[in-house]
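Read through the structure below, which is laid out as structure tokens, and then see the notes.
The values are calculated or read from the model by the stated rules, or taken from the named source; none is laboratory data. Predicted, not measured: the structure shown is a model, and the values here were computed from it. Here Cβ is always computed from backbone atoms with ideal geometry, including for glycine, and neighbour counts include all displayed protein chains. Note: areas computed on protein heavy atoms with side chains; ligands, DNA, RNA excluded. Shrake-Rupley method; radii C 1.70, N 1.55, O 1.52, S 1.80 Å.
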Amino acid sequence: VAQGFVEYKVEKDIADAESSGASLSPELAAYKASMEIAERAAERERAEKKQKYDRALDAGKLAVAAEDFDDAIDLYKQAQMIDPMSIEPLVMIKGAQKARDAKQARLRKEFDEQRDKGTKLFDIKEYDRSLEAYQRAARIMPEDPRCTSMIDTLKARIQAKADRENAFLVGNYAASLASTKELLKKRKDDPELLTLLAKTHRAMNKNSDAL
């Protein structure tokens with residue numbers, strides 16, 4: 001309290017001297033100069049603080065526009081720390097959280113749709129299209145591990161099919177027949193395998209087996 005009173009008294013003496021046109025004493029002049037320096041430093045600090053605050057908010061808005069909601073929330077929290085009295089960062093944080101939740105719900109819906117599509121196509125032996133659906137699902141939510149095993153399975157089946165068909169095309173009917181019969185032990189009603197088996201039998205002049 002005493003220090004505040006002294007500062008008030010000195011500032012009043014300066015104001016009185018200036019209003020009367022009297023010269024300031026060296027002590028008062030030195031005090032006035034130090035006050036001006038401190039005020040300029042405080043103004044610079046306020047300006048720098050506002051610049052940091054505005055930059056954090058602007059960067060957060062750009063992150064929201066890019067749907068980088070976690071980054072946006074971090075940036076808004078930085079702005080909140082710079083100016084704890086401002087309500088704007090809190091509003092922005094809640095908005096970014098809501099937008100993030102909406103995006104996650106949309107991606108989950110798209111992911112489930114592609115997985116369901118992939119499963120249905122797999123069941124009817126449409127392996128190429130099934131693979132495409134599972135790959136789209138994996139791109140939507142790469143952190144979800146459920147598509148990985150199906151993608152590997154489908155790639156293996158597609159490659160095996162290509163190998164069987166290639167063996168047939170180059171006339172290696174024995175290899176084509178052996179691999180097809182082996183797979184039919186597991187997939188007895190697979191139309192692709194049954195068709196290739198019949199084609200192979202016909203090519204080997206075993207028409208009776210193809211009928």
* Just need a number here: residues in the stretch 112-125 that are closer than 30 Å to L177 by Cβ and exposed (fewer than 15 other Cβ atoms within 10 Å of the Cβ). => 2
* Identify the single condition in (1) out of contact with any helix residue (DSSP H, G or I) (no Cβ under 9 Å at 6 or more places or on another chain); (2) assigned to a helix (DSSP H, G or I) that E143 does not satisfy, given that it satisfies every other one. => (2)
* Run down A79, A42, A99, A65 and say which single residue is under 20 Å from M141 (Cβ atoms) and among the small types (G, A, S). => A99
* Taking Q80 as the residue in question, decide whether it is assigned to a helix (DSSP H, G or I), farther than 18 Å from I151 by Cβ, among the polar types (S, T, N, Q) and without any contact (Cβ under 8 Å) to a residue 24 or more places away in the chain. => yes
* To do: Residue by residue through the stretch 63-77, note down the ones that are assigned to a helix (DSSP H, G or I) and loosely packed, with under 13 Cβ neighbours inside 10 Å.
  => A65, D70
* Structure fact -> Across the stretch 130-161, the tally of residues that are surrounded by 15 or more Cβ atoms within 10 Å (Cβ to Cβ), over 21 Å from R106 (Cα atoms) and of a type in the set (A, V, I, L, M) stands at 4
* Structure fact -> Restricting the stretch 23-37 to residues that are charged (D, E, K, R) and touching a helix residue (DSSP H, G or I) at 6+ places or on another chain (Cβ under 9 Å), the one farthest from E7 (Cα to Cα) turns out to be E27
* Unmet requirement for R44, which otherwise passes all of (1) open to solvent by 50 Å² or more (accessible area, probe 1.4 Å); (2) outside any loop (DSSP other than H, G, I, E, B); (3) within 30 Å of L107 (Cβ to Cβ) -> (3)
* **Scan of the stretch 176-186 for residues that are surrounded by 14 or more Cβ atoms within 10 Å (Cβ to Cβ) and within 18 Å of I158 (Cβ to Cβ), ordered by number** => S176, S179, T180, L183, L184
* **Matching option when the condition is free of Cβ contacts under 8 Å to residues at least 24 places away in the same chain, part of a helix (DSSP H, G or I), of a type in the set (F, W, Y) and at negative phi, among Y8, Y53** => Y8
* Asked: Does the stretch 38-96 hold any residues that are under 30 Å from E7 (Cα atoms) and among the aliphatic types (A, V, I, L, M), and which are they?
  -> A38, A41, A42, A47, I82, M85
* To do: Mind counting the residues in the stretch 98-140 that are of a type in the set (S, T, N, Q) and outside any helix (DSSP H, G or I)?
  => 0
